[in-house]
1. Between the stretch 186-225 and the stretch 57-127, what is the C-alpha centre distance in whole Å?
2. Over the stretch 31-142, with every protein chain in place, what whole percent of the accessible area is carbon and sulfur at 1.4 Å, could you tell me?
3. Could you bin all the Cα-Cα distances of the stretch 1-134 into 5 Å bins starting at 0 and give me the percent of pairs in each, rounded to whole numbers?
4. Place a +1 charge on the Cβ of each Lys and Arg in the chain and a -1 charge on the Cβ of each Asp and Glu, then give the dipole magnitude about the Cα centre in debye, rounded to the nearest 20.
5. Magnitude of the Cβ-charge dipole of the stretch 1-78, K/R +1 and D/E -1, about the Cα centre, nearest 20 debye?
6. Once both axes come from the Cα atoms, what is the angle between helix 2-74 and the longest principal axis of the chain, in degrees from 0 to 90, rounded to 10?
7. Accessible area of ARG61, 1.4 Å probe, to the nearest 10 Å²?
8. Students often forget the sequence filter, so: which lysines lie under 16 Å Cα-Cα from LYS31 once same-chain residues fewer than 8 apart are removed?
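The values are calculated or read from the model by the stated rules, or taken from the named source; none is laboratory data. Computed from a prediction, not measured in an experiment: that's the story for all the values here. Cβ coordinates were reconstructed from backbone atoms using ideal geometry, including for glycine residues, and neighbour counts include every protein chain displayed. With ligands, DNA and RNA removed, areas are computed over all heavy atoms of the protein, side chains included. Shrake-Rupley method; radii C 1.70, N 1.55, O 1.52, S 1.80 Å.
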Amino acid sequence: VLQDRDRRIGTLAAQLEKLPTDEARAKSQLKSDTEAVETARQAILANEMEIKKVELDVETRKTSITRLKTQQFETRKNDEYTALGHEIERYGKDVDTLETKELEFMEIGDSLRAKLKTAEEALTKTKRLVDEDLKAIAERFQHIEADLNETRAERQGLAEKADAEILHLYERLLKTKNGVAVAPVRNGQCGGCHVRLIPATLIKAQSDKEFAQCENCSRILYIEP
C-alpha cells in the first residue's frame, strides 16, 4: 500500500512538473498570430509612408510648375519661353506618373488593411482558445496539487506504522529498482526481475510471517491475494 502511494506521488509530481510546459506551449500559440498582426500593421505604416512621400513629390513638382509658369509669363524671349514650356511639360508628366503611383499604393493599402483584419480575427480566436487552455491548466494544477498533498499525508501515516529497518530498505530499493521495491510472487518467480525463487524464499513469502527478499534483485516479496 505504501508503494502504491509512493508511485502515485511520483505520477502526480510528474504531472505537476509538466504543467508549466503545457502552459508555455499554449502561450506560444499566440506568438505567430501576434507576429502576423504586427507584420500587417508595419506593412500598412510603410505603405502610408510611401504615399506621403509620393504626395510630397507631387506637391513639389506642382510648386515648380507654378513657378515656371510665372517665369514663362514674365519672359519676353521666345527660346526661354519654349524651354520653360518643356520644363512645365516634363514636370506635368512627373505629376501624372506620381499620381498613378499613389493610386497603386492606395490599392495596396486596401489589401494590407484586409490582411490586418484577417490577422486580428485569427489572433482573437486563438487568444480565446489559449485562455480556455490556460484556465483548464490552472484548474488541473489545483486538482493535482490537492491530490498530491492528500496522498503525501496518507503516505506519511503509512510510513509511521512501518518497521523502521524495513522502511529504510524499502526506500533505498525504491530509488534503485525503478519505483518497484515490493514485488509479488507469481508462478514461483519474482514479479520484479522474473527470476525463479528458491524454495526457502518461497516458503518465507508464503508464511507471511518472515521477511522475504528476492535473492536476485533484493526486492521485498509478497504473495498476491
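1. A separation of 94 Å, based on Cα centres.
2. 54
3. Result, from short to long distances: 2, 9, 11, 9, 8, 7, 7, 6, 6, 5, 5, 5, 4, 3, 3, 2, 2, 1, 1, 1, 1, 0, 0, 0 percent.
4. Its charge dipole is roughly 880 debye.
5. Here the size comes out at about 580 debye.
6. 0
7. 60
8. Within the straight-line limit of under 16 Å, LYS31 reaches these lysines: LYS125, LYS127.
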